[in-house]
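Q: Below is the structure I would like to discuss, written out as C-alpha cells.
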Amino acid sequence: GQQVMQIPQYQHVQEGEDFTTYCNSSTTLSNIQWYKQRPGGHPVFLIQLVKSGEVKKQKRLTFQFGEAKKNSSLHITATQTTDVGTYFCAKGGTASKLTFGTGTRLQVTL
Amino acid sequence: DTEVTQTPKHLVMGMTNKKSLKCEQHMGHRAMYWYKQKAKKPPELMFVYSYEKLSINESVPSRFSPECPNSSLLNLHLHALQPEDSALYLCASSQAGGARTEAFFGQGTRLTVV
C-alpha cells in the first residue's frame with residue numbers, strides 16, 4: 001500500500017518556539033491517528049481524527065484533518081523539552097490494519 | 001489496566017537459535033499486532049490477529065511465526081534469523097473491528113541477532 005509521508009523528517013527548535021509536522025497521503029484516508037514515541041520508548045496514542053476538516057486540541061497541541069482527508073497536521077505551541085520525540089501519523093485500514101507514516105523527529109533545546 | 005506487557009525486554013540470539021517473544025494484555029482487546037522497528041524508522045506492521053485468527057500477514061518471512069493461544073496472549077516464534085532481523089519488536093493491541101480505535105503498545109523487545 002501507499003506509504004504516508006511526513007515532513008519535515010527532523011526539526012530542531014529552541015524551547016518556546018512553535019513546531020508543526022505535516023502528514024500527506026496520495027489516497028483518501030478513512031481516519032488518521034497520531035502517536036508520539038519518546039527516545040528509547042514505544043509509540044503512545046495522542047488522538048484520532050475521522051471527519052473532513054476536523055480540528056482537535058489537547059493543551060498546546062492542535063491536530064487538523066484536511067478537507068479532502070488526504071492530509072493532516074500536528075502543531076505544538078510554545079514547545080517544551082518534554083515534547084522531544086518522534087511524532088508519527090498512522091492511517092487506519094480494513095481488518096484493523098494500522099500503518100505508520102515516516103515520522104518527524106523533534107529536538108527541543110533550552 | 002491499560003498495559004501491554006512484552007517479555008523479554010532484550011534478547012540476543014544466534015542465527016541457529018529458536019526463541020520466542022511474548023506479549024500479554026488484559027484490556028479485553030480482540031486485535032493484536034506485531035510490529036518491527038529499525039532505528040530512526042517507523043514501526044513496520046508484520047502481523048495482525050483479530051479474534052485470535054491471523055487476519056494480516058505483511059509478507060513476513062517464514063522464520064517469523066506468530067501464534068495467538070488466547071485472547072490475552074500473543075507470541076512470535078523466531079527461528080534461523082539473520083543479523084538484519086535485529087530490531088525493536090513491538091506488540092500492540094486494540095479493540096477489533098477496523099482501525100478506528102487507539103492502539104496500545106508494549107515497551108518492545110530489543111532483539112540482536114549475532
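The numbers here are math on the coordinates, done by the rules we state, and not lab data. What you see is a predicted model; the values in this text were computed from it and never measured. Methodologically, a virtual Cβ is constructed for each residue, glycine included, from the backbone with ideal geometry; neighbour enumeration extends over all protein chains shown.
Q: When you scan the range B:24-105 for strands (runs of 3 or more DSSP E) that lie fully inside it, which ones turn up with 2 or more residues that are aromatic (F, W, Y) and within 21 Å of A:G40 (Cα to Cα)? Write out each step before concluding.
A: Numbers: elements: B:31-37, B:44-50, B:53-57, B:64-70, B:73-79, B:87-94.
Those strands (runs of 3 or more DSSP E) span B:31-37.
Q: Any idea which of B:S59, B:S93 is surrounded by fewer than 18 Cβ atoms within 10 Å (Cβ to Cβ) and more than 8 Å from chain A (Cβ to nearest Cβ)?
A: Of the residues listed, the single one that is surrounded by fewer than 18 Cβ atoms within 10 Å (Cβ to Cβ) and more than 8 Å from chain A (Cβ to nearest Cβ) is B:S59.
Q: Filter the range A:25-57 for residues that are crowded, with 18+ Cβ neighbours inside 10 Å and more than 13 Å from chain B (Cβ to nearest Cβ); which is farthest from B:Q107 (Cα to Cα)?
A: Here the residue is A:E54.
Q: Continuing with this model, one more query. Given the criterion within 30 Å of A:R105 (Cα to Cα), surrounded by 14 or more Cβ atoms within 10 Å (Cβ to Cβ), more than 10 Å from every other protein chain (Cβ to nearest Cβ) and touching a residue at least 40 places away in the same chain (Cβ under 8 Å), identify the matching residue among B:L88, B:L11.
A: Working: B:L88 fails: more than 10 Å from every other protein chain (Cβ to nearest Cβ).
Exactly one residue qualifies, and that residue is B:L11.
Q: Let me ask something additional. What are the pairs with Cβ atoms under 7 angstrom where one residue, in the range A:91-110, is within 22 Å of B:F104 (Cβ to Cβ) and the other, located anywhere, is acidic (D, E) and assigned to a helix (DSSP H, G or I)? Sequence gap at least six, or different chains.
A: Final answer for the pair search is none.
Q: For residues in the range A:74-102 being more than 25 Å from B:K36 (Cα to Cα) and either buried (at least 18 other Cβ atoms within 10 Å of the Cβ) or charged (D, E, K, R) (or both), which is nearest to the chain's Cα centre (by Cα)? Talk me through it step by step, then tell me what you get.
A: The first filter runs over the range A:74-102 and keeps only residues more than 25 Å from B:K36 (Cα to Cα), leaving A:75-82.
The next check asks that each one be either buried (at least 18 other Cβ atoms within 10 Å of the Cβ) or charged (D, E, K, R) (or both); those that pass are A:76, A:79.
On the way: A:I76: 10, A:T79: 15 Å.
Only one residue tops the list, namely A:I76.
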